[in-house]
1. Out of the residues in the stretch 167-205 that are at pLDDT 80 or above and either surrounded by fewer than 16 Cβ atoms within 10 Å (Cβ to Cβ) or among the aromatic types (Phe, Trp, Tyr) (or both), which is nearest to ALA239 (Cα to Cα)?
2. Being over 18 Å from ASP210 (Cα atoms), modelled with pLDDT under 75 and either small (Gly, Ala, Ser) or in contact with a Pro (Cβ under 9 Å, 6 or more places away or on another chain) (or both) is true for just one of GLY268, GLY255. Which residue is that?
3. Could you please let me know if VAL195 is of a type in the set (Val, Ile, Thr), within 22 Å of the chain's Cα centre (by Cα) and in a helix (DSSP H, G or I)?
4. Taking the stretch 96-127, which residues are over 14 Å from the mean Cα position of the chain (by Cα) and among the small types (Gly, Ala, Ser)?
5. So, in the stretch 218-230, exactly how many residues are part of a loop (DSSP other than H, G, I, E, B) and surrounded by 16 or more Cβ atoms within 10 Å (Cβ to Cβ)?
6. Consider GLY75 against the criteria (1) in a loop (DSSP other than H, G, I, E, B); (2) surrounded by 15 or more Cβ atoms within 10 Å (Cβ to Cβ): it satisfies all of them except one. Which criterion is unmet?
7. Working carefully through the options ASP215, ASP210, find the one that is open to solvent by 60 Å² or more (accessible area, probe 1.4 Å) and more than 17 Å from LEU114 (Cβ to Cβ).
8. Select, from PRO86, PRO62, the only residue that is in contact with a strand residue (DSSP E or B) (Cβ under 9 Å, 6 or more places away or on another chain) and at pLDDT 80 or above.
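The values are calculated or read from the model by the stated rules, or taken from the named source; none is laboratory data. A quick note: this is a predicted structure, and the numbers were derived from the prediction, not measured. Don't worry about glycine lacking a Cβ; one is built from the backbone with ideal geometry, like all the others, and counts go over all protein chains shown. For the accessible areas, the whole protein counts, side chains as well, though only heavy atoms, and no ligand, DNA or RNA atoms are used. Shrake-Rupley method; radii C 1.70, N 1.55, O 1.52, S 1.80 Å.
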Amino acid sequence: MFAYLIRRLVYVLPVAIGVSIICFLLVHIAPGDPLTAIMPVDATQEEQAAMRSAYGLDKPLPVQYAIWIGKAVTGDLGKSIATGRPVAGEVFSAVKNSLLLAFTASVIAFPIGLLLGFIAGYFRDTFIDRLVTAFAITGVSVPNYWLGIVLVIVFSVQLGWLPSMGAGPGGSGQWAWDYAHIKHLILPSITLAVVPIGIVARTVRALVGDIFSMDFVQALYAKGMRHGDVLRHVIRNAAPTALSVMGLQLGYLLGGSILIETVFNWPGSGFLLSNAIFQRDLPLLQGTILVLALFFVSMNLIVDVAQAAIDPRIKRS
């Protein structure tokens, strides 16, 4: 297991380097000058040149990348062009809020998705299977930002049960573990959990249905094994693939929540990324994308190691 872990860590290094290069280059492909938003309209050529030099934009792209990644390794992601504050502080504060939202949504989505998928796979080709499949397809198909708006209209505007914006009372961006703040977490978490519920349910349904049709399951029944013990074998065989799907969905919950965070004005990485795009804030945009991408790479590593721990065949391969 230790050798497998070392091998996976070695594989992650070039992937992380490639991700950092893509994050750096994608931002520079976008048209427009990032300094236009903060420079006076009547700025002289000398003032423009001084500003570009201050942010390192006067150097060739390879040199800019080398300087940027060198500082990023030490935790320095530069300063925001729009606010002048350190990017690292803003990004990690936002990522902390996004992690809270993502893990809450995963606590809702994964158990429900696993349960529905197992039930549908167990009762394959029955009315229960069709009902669960219809629910899963609906969850995947409905735009989550539209669902968020509907939930706000129903539960915030019409019923007045739950707040619609911010992470705390008065639209606060600071989180605290009390009832007033937890209420702000309910609607965005439910909205964000709908798509993963459908994806996990459909994946597990297909897995469980296929495993029940395999010869080894019939052999276990033929040997006289109890039904509960057979179910444990089915679950163990489905676990690695299900774990992989849930790991990918957790990455999606963190990095793909930009529309949900915008709808609910949740001060997370998606909301920060949206503001950075509209403000053309290159350092903030690069830092946010890099942190989210590296989180996704880290999640894949964790899932791979967990899969190997569950299924020894993966280590041997």
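1. To start, the set of residues in the stretch 167-205 that are at pLDDT 80 or above comprises 182-205.
Filter once more, keeping what is either surrounded by fewer than 16 Cβ atoms within 10 Å (Cβ to Cβ) or among the aromatic types (Phe, Trp, Tyr) (or both): 182-183.
Values: ILE182: 31, LYS183: 33 Å.
Checked the stretch 167-205; the qualifying residue nearest to ALA239 (Cα to Cα) is ILE182.
2. Details: GLY268 fails: modelled with pLDDT under 75.
Result: GLY255 is the single residue among GLY268, GLY255 that is over 18 Å from ASP210 (Cα atoms), modelled with pLDDT under 75 and either small (Gly, Ala, Ser) or in contact with a Pro (Cβ under 9 Å, 6 or more places away or on another chain) (or both).
3. Numbers: of a type in the set (Val, Ile, Thr): yes; within 22 Å of the chain's Cα centre (by Cα): yes; in a helix (DSSP H, G or I): yes.
Answer is yes for this residue.
4. GLY113, GLY117, ALA120, GLY121
5. Our first condition is that a residue be part of a loop (DSSP other than H, G, I, E, B); within the stretch 218-230, this holds for 223-226.
Narrowing further to those that are surrounded by 16 or more Cβ atoms within 10 Å (Cβ to Cβ): none.
Adding up the residues that qualify gives 0.
6. Of the numbered conditions (1) in a loop (DSSP other than H, G, I, E, B); (2) surrounded by 15 or more Cβ atoms within 10 Å (Cβ to Cβ), the odd one out for GLY75 is (2).
7. Details: ASP210 fails: more than 17 Å from LEU114 (Cβ to Cβ).
Going through ASP215, ASP210 in turn, the sole match is ASP215.
8. Testing whether each residue is in contact with a strand residue (DSSP E or B) (Cβ under 9 Å, 6 or more places away or on another chain) and at pLDDT 80 or above leaves just PRO86.
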